[in-house]
1. When you look at ALA126, is it surrounded by fewer than 18 Cβ atoms within 10 Å (Cβ to Cβ) and assigned to a helix (DSSP H, G or I), yes or no?
2. Please report, ordered by residue number, the helices (runs of 4 or more DSSP H) entirely within segment 141-243 with at least 2 residues that are closer than 28 Å to HIS330 by Cβ and in contact (Cβ under 8 Å) with a residue 40 or more places away in the chain.
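Just so it is clear, none of the values below were taken in a lab; they were calculated from the coordinates. Just so it is clear, the model here is predicted, and its values are computed rather than measured. Positions of Cβ are backbone-derived with ideal geometry, glycine not excepted, and every protein chain shown enters the neighbour counts.
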Amino acid sequence: MGDDYSLSYTRGEMKVAIITCYDQSDYVRARTLRSAFAACDGVEVLIIKNKHKGLARYFEVSYKILQARLTQHIDAYVVTFRGYEMFLLLRLTFARKPIIFDELINFVEYYEEHHILKPGTFLDNAMRRFYHWQVKRARFILTDTEPHAEFSSELSHISSSKLRVLPIAADEQYFFPKTTKKQQPFNVFYYGNGMTPLHGLQYVLDAAVLLKDNPNITFTLVGGHDRAKQACEDAAAQGAHVMYEAWVPFEEIPNRAHQAGLCLGGPFGDTLQSQYVVTGKAAQFLACAEPVLIGKNKLGHLFKDKVNALVVPLADSQAIAKAISWAAEHPRELKKIGLAGRKVYEEHLSEQVVQGQVNSMVQELQA
């Protein structure tokens, strides 16, 4: 059917279609799931993804799904993150094969986080019922952490037996331990695409302003578009030692992490979502065995301050500044913290952990 339609990794007894309809069709989470299912014994993976962006992608992927259903023997469907519309298509067209939905962030949680709908209103209640109707058809619902799974189960009134935890693993082709000369002066590295309230960029910049009298501590921030650029310029105008870059290639991020004295993983904003996540950037920095500053949330059992990470309260610029100042003065301790953080990654967040969970799901489907 051509490379623009699908890509099969292996041949096996069970064919799994992995569907992505997102403006970043090859983002890390989607690639991780594709690779994990392809690595399972007896599984053939069929990738369906968009090449177009904007509204055109919905028509493109819908057509490809329907074409696959007519011409391929699909045994199960995996709908990757932010694929709500494609899940709905399968639901409305009575797809009878098992559907695995990578919810990651509950839809109700998402619109509450961004204040799109006011809780308790007619529309909010209608969307909650609609979402429950949609996801109850899923054989498995994937999320990123145990607290997130518990919260999503309660929020959507879905049995916890449907939920499976697949952590946000780093792309280990790029993110791994490496010895690199550190930048001087002490550099704090932070990056992201969408600097949402979850990430708490303003708390980081406020901390940079608090540290303006220490020229031995500098900040490098990458991404976040015009609003992040303006926020960095405002902080610099107040004396913060902040350098902003709009973009660097994804492959360059690990090198930046290795050169930095401290990496900021977050989350730092005190929002609904921030209570339940290990951010993707935090997982990447941990995979690199670099010391990471993390916001304290319901994942506190994983991260211990000054043991395997630096941990600060959410929404606390003073605490962030204090932690960074301590880090700049304790390079030997930071190296040990980075190595301990790598162990946390291997045991709880790695591609191997994801693979084990995917193998378990496949075995249940094949039973």
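1. Details: surrounded by fewer than 18 Cβ atoms within 10 Å (Cβ to Cβ): yes; assigned to a helix (DSSP H, G or I): yes.
So ALA126 passes the test.
2. Values: elements: 146-156, 201-210, 225-237.
The qualifying helices (runs of 4 or more DSSP H) are 201-210.
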